[in-house]
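Participant: Just dropping this structure here.
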Amino acid sequence: MRNVAEVGELCTGCGTCVAICPPGVISMEINHDRGVYEPVITGGCDGCGLCLRVCPGIEVDLADLNMRVFGREPDDPLLGNYEACYVGHSMDDKIRYDSSSGGMITQILLYLLEEGLIDGALVTRMNPERPLEPEPFIARTPEDIIEARGSKYCPVPANVALREIIEEPGRYAVVGLPCHIHGIRKAQKFNRKLRERIVYHLGIVCNHTPTFKATLFLLERVGVKPEDVQGIHYRGEGWPGSLRVETGSGDILLLPEYWGSGFGQLFMPGRCRMCCDHMAELSDMSFADPWLKEFEDEKKGRTLIIQRKHPEILQKISGICEIEPIEPQKVLLSQLYNIYMKKKVHKLNNGIYHGNFPEVDSVDRIIFRLDPDRLKIPFSLKRRYEYLYSVAVSLKARKDFSGDSK
Ligand SMILES: Cc1cc2nc3c(=O)[nH]c(=O)nc-3n(C[C@H](O)[C@H](O)[C@H](O)COP(=O)(O)OP(=O)(O)OC[C@H]3O[C@@H](n4cnc5c(N)ncnc54)[C@H](O)[C@@H]3O)c2cc1C
Ligand code: SF4
Ligand code: SF4
């Protein structure tokens, strides 16, 4: 391969190549047929190959990157390297209610900025001019950070904003999905400025990113034409939250807890079906929804936190966030299905990820072969087949992983 134009369907759409390209001739454009971003070469490529070396789409050496980041391979192949786990939420009710789960990411960024520990944070808001497209940017004020709160369930090329970190001296935090963090960690191997200037890496636990087609599907469900959308918020309104769409005529439409209705398998990009990192293992801290029985009556929101580095932050924000320890095993239980799929089934699907993976047995191989996406199942039977498949996966995941996590 000469440059990332040839990465094709292995591309995660992270945007790292755009920021790292020395002559700056790569840009991210939406492929409307596939509903994802892809890199496009817009000028004279000199063939240096740096874009390919930082690309997490084609290879992620988790073993090597763990050694660089933590000084050791993880002794837990499911959660990665970590020191402790917590459940917490912002004590500011508005931040908590408007964010994805408990507003912990937003609150930590506000603390880091207000204490002068960072000059800016790489976050993502929806583009004010094109409300259905995300806009990664460097937030430099509390208002910017609050504006970017909430999960964006559409493709996000967050790492294009690394360019500003390379160009502007300072100390920065970054917020990204596992594949964004992979791109950043790989880029830091080659770029001293990114290594020195990014001082906090906040990772978002990720099952998959729905394509843009998922958003179009949801807009159809609430009866809004894409061109009439003035604003879209995928999470917020308490926990687990609603899709909120604002239209030109001033209407506000809410679609509560819509995940089951189309944000599942149907709109999952092919690259996410190969992904083997659910927990953002290379971040300093990972953040997730508390999908646990004990929180099923939760209305305002709480965030699960896997703390891998910087224990001091969680101590220092105790006046503005309520935080308590939680057993790592519970964090694992909250994501069991997705971790099983990523660590066993997806691992069998490709050779992109290298590192410490749990052993695969003959039942895992059968589950891999019976994956509904690999088989041609008649439409009339598809739903029932998928349900039975998910039951089989849940049973196997429980059998394999419900012991101690370390
Ligand atoms: C695509 C996606 C898939 C997810 N899958 C799971 C899952 O399977 N299980 C689970 O428990 N949790 C999942 N999450 C995480 C969950 O939705 C929350 O983000 C997490 O619990 C943190 O909540 P919070 O209230 O602390 O975040 P907030 O305080 O609301 O802050 C969220 C931060 O993340 C940034 N951000 C939002 N979306 C993106 C994006 N797509 N790319 C890069 N940055 C972004 C925002 O700019 C903001 O700074 C997913 C999130 C996303 C975006
Ligand atoms: S660096 Fe990211 S955006 Fe660029 S080709 Fe690789 S995966 Fe795609
Ligand atoms: S599943 Fe993996 S590749 Fe897909 S968006 Fe999430 S982290 Fe990126």
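Participant: Which of the residues belonging to segment 170-179 are within 11 Å of ligand 3 (Cβ to nearest atom) and open to solvent by less than 10 Å² (accessible area, probe 1.4 Å)? Working first, answer last.
Facilitator: Filtering segment 170-179 for residues within 11 Å of ligand 3 (Cβ to nearest atom) gives 176-179.
Residues satisfying the conditions are G176, P178.
Participant: Do we have any residue at all in segment 235-251 that's within 16 Å of ligand 2 (Cβ to nearest atom) and open to solvent by less than 10 Å² (accessible area, probe 1.4 Å)? Walk me through it before giving the result.
Facilitator: First, the residues of segment 235-251 that are within 16 Å of ligand 2 (Cβ to nearest atom): none.
Scanning segment 235-251, I find no residue that is within 16 Å of ligand 2 (Cβ to nearest atom) and open to solvent by less than 10 Å² (accessible area, probe 1.4 Å), so the answer is no.
Participant: Going through segment 192-223 one residue at a time, which ones are within 23 Å of T247 (Cβ to Cβ), part of a helix (DSSP H, G or I) and away from ligand 2 (no atom under 16 Å from the Cβ)?
Facilitator: Here is the first cut: in segment 192-223, the ones within 23 Å of T247 (Cβ to Cβ) are 210-223.
Next cut, part of a helix (DSSP H, G or I) only: 212-221.
Hits for segment 192-223 are K213, A214, T215, L216, F217, L218, L219, E220, R221.
Each row is one residue, and each column tells you yes or no for (1) touching a helix residue (DSSP H, G or I) at 6+ places or on another chain (Cβ under 9 Å); (2) within 11 Å of ligand 3 (Cβ to nearest atom); (3) at pLDDT below 95; (4) among the charged types (D, E, K, R).
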site	(1), (2), (3), (4)
E129	no, no, no, yes
F137	yes, no, no, no
V160	yes, no, no, no
K186	yes, no, no, yes
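Participant: Here's something else I'd like to know. Name the residue, out of E143, E147, E129, E167, that is surrounded by fewer than 24 Cβ atoms within 10 Å (Cβ to Cβ), away from ligand 2 (no atom under 16 Å from the Cβ), farther than 24 Å from H233 by Cα and of a type outside the set (A, V, I, L, M). Reasoning before the result, please.
Facilitator: Details: E143 fails: farther than 24 Å from H233 by Cα; E147 fails: farther than 24 Å from H233 by Cα; E129 fails: farther than 24 Å from H233 by Cα.
From the options E143, E147, E129, E167, the qualifying one is E167.
Participant: Tally time: how many residues in segment 1-29 are touching a strand residue (DSSP E or B) at 6+ places or on another chain (Cβ under 8 Å), touching a residue at least 40 places away in the same chain (Cβ under 8 Å) and farther than 23 Å from P210 by Cα?
Facilitator: The total comes to 1.
Participant: For segment 334-345, does any single residue satisfy the condition of being open to solvent by 10 Å² or more (accessible area, probe 1.4 Å) and in a loop (DSSP other than H, G, I, E, B)?
Facilitator: yes
Participant: So, one more: Given the criterion surrounded by fewer than 21 Cβ atoms within 10 Å (Cβ to Cβ), away from ligand 1 (no atom under 16 Å from the Cβ) and under 18 Å from G270 (Cα atoms), identify the matching residue among R34, R72, R68, R53. Steps first, answer last, please.
Facilitator: On the way: R72 fails: under 18 Å from G270 (Cα atoms); R68 fails: under 18 Å from G270 (Cα atoms); R53 fails: under 18 Å from G270 (Cα atoms).
Criteria check complete, one pass: R34.
The values are calculated or read from the model by the stated rules, or taken from the named source; none is laboratory data. Quick caveat: nothing in here was measured; it's all calculated off a predicted structure. We place every Cβ from the backbone using ideal geometry, glycine too, and count neighbours over all the protein chains shown. Side chains included, ligands, DNA and RNA excluded: accessible areas come from the protein's heavy atoms. Shrake-Rupley method; radii C 1.70, N 1.55, O 1.52, S 1.80 Å.
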